[in-house]
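Novice: Attaching a single structure in structure tokens format; questions to follow.
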Amino acid sequence: MFDNIPIEWRDLLDIGVVSVLLYQLIQMVRGSRALAVLTGLGLLTLLYFFSRAVGLYTLSWLLQHIFSSIFILIVVIFQSDIRQALGEMGTHRLFRKKQLMQDGVEEVVMACVEMARLRVGALIVVERSMRLGDMIKREGVRVDAQLSRQLLMNIFYPKAPLHDGAVVISRGRLMAAACILPLAVAKGQSFGTRHRAALGVTMESDAVVIVVSEERGEISVAMKGELMRALDAGRLREVLNEVL
């Protein structure tokens, strides 16, 4: 079928496809523990070539036998990531934007304003470029539902079974609820558990976290380990539209 395509165009097509696949692979592993594992494998590879160059035969023999089973090691280590990536390709979601779009921002803003009015506590994590799949798999309850203010308010209703913890929004969908976030150490300020959790996850990722305080009926936004407090609907909408 493609035999009539000039060889130089075939080479460009080949390079382009491989480049796109490598880019998507980098996007998938960036910000996750998979990146640390790949870094470790890269260091082992450098150590192998170094051991061969300087004549460390025992170390070279050991690493050679490890690398002979590298395909099996990769499948075992990254089995959940591979399954997730194949699922995304099958549903055509691999190339979608990860940002929360305008209608999603409005749903989140209206839900937070109403929960603040009713003094209902909430913790909402919005994923940006760093993937939070590890957090969802480890602690949360997978939801994968269309984002809406009604769903957010139902989840955080005090007697709802999933209200304790955070929800994670990814690619404009509510992916998980009841997620347990790492707590930041509060220094010199009396933050509650939700605010410490919001600061904790933003210190480890580039996520944006919205906190609704049930004690004060106050809306806060955490980014990069910093907290903006006492936001009204207009300011919250402005912040989310700016960073997402």
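The values are calculated or read from the model by the stated rules, or taken from the named source; none is laboratory data. On a predicted model such as this, the values are computed, not experimentally measured, just so you know. Counting neighbours? That spans all protein chains shown, and the Cβs are built from the backbone with ideal geometry, glycine included. We work out accessible area using only protein heavy atoms, side chains counted, and drop any ligands, DNA or RNA first. Shrake-Rupley method; radii C 1.70, N 1.55, O 1.52, S 1.80 Å.
Novice: When you look at Arg216, is it open to solvent by 50 Å² or more (accessible area, probe 1.4 Å) and closer than 20 Å to Leu132 by Cα, yes or no? It would help to see each step written out before you state the result.
Specialist: On the way: open to solvent by 50 Å² or more (accessible area, probe 1.4 Å): yes; closer than 20 Å to Leu132 by Cα: no.
Against the criterion (open to solvent by 50 Å² or more (accessible area, probe 1.4 Å) and closer than 20 Å to Leu132 by Cα), Arg216 does not qualify.
Novice: Looking only at segment 203-238, count how many residues are of a type in the set (Val, Ile, Thr) and free of Cβ contacts under 8 Å to residues at least 24 places away in the same chain. Give the derivation first.
Specialist: Going residue by residue through segment 203-238, those that are of a type in the set (Val, Ile, Thr) are 208-212, 219, 221.
Now restrict to residues that are free of Cβ contacts under 8 Å to residues at least 24 places away in the same chain: 221.
Selection size over segment 203-238: 1.
Novice: Can you pull out the residues in segment 196-225 that are among the acidic types (Asp, Glu) and at pLDDT 85 or above?
Specialist: The initial filter retains those residues of segment 196-225 that are among the acidic types (Asp, Glu), namely 204, 206, 214-215, 218.
Passing the criteria: Glu214, Glu215, Glu218.
Novice: Scan segment 179-195 and give yes if some residue there is touching a Leu at 6+ places or on another chain (Cβ under 9 Å), open to solvent by 20 Å² or more (accessible area, probe 1.4 Å), of a type in the set (Lys, Arg) and at pLDDT below 85, otherwise no.
Specialist: no
Novice: Yes or no: Val143 under 26 Å from Leu118 (Cα atoms), open to solvent by less than 10 Å² (accessible area, probe 1.4 Å) and at pLDDT 80 or above? Steps first, please.
Specialist: Details: under 26 Å from Leu118 (Cα atoms): yes; open to solvent by less than 10 Å² (accessible area, probe 1.4 Å): no; at pLDDT 80 or above: yes.
So Val143 fails the test.
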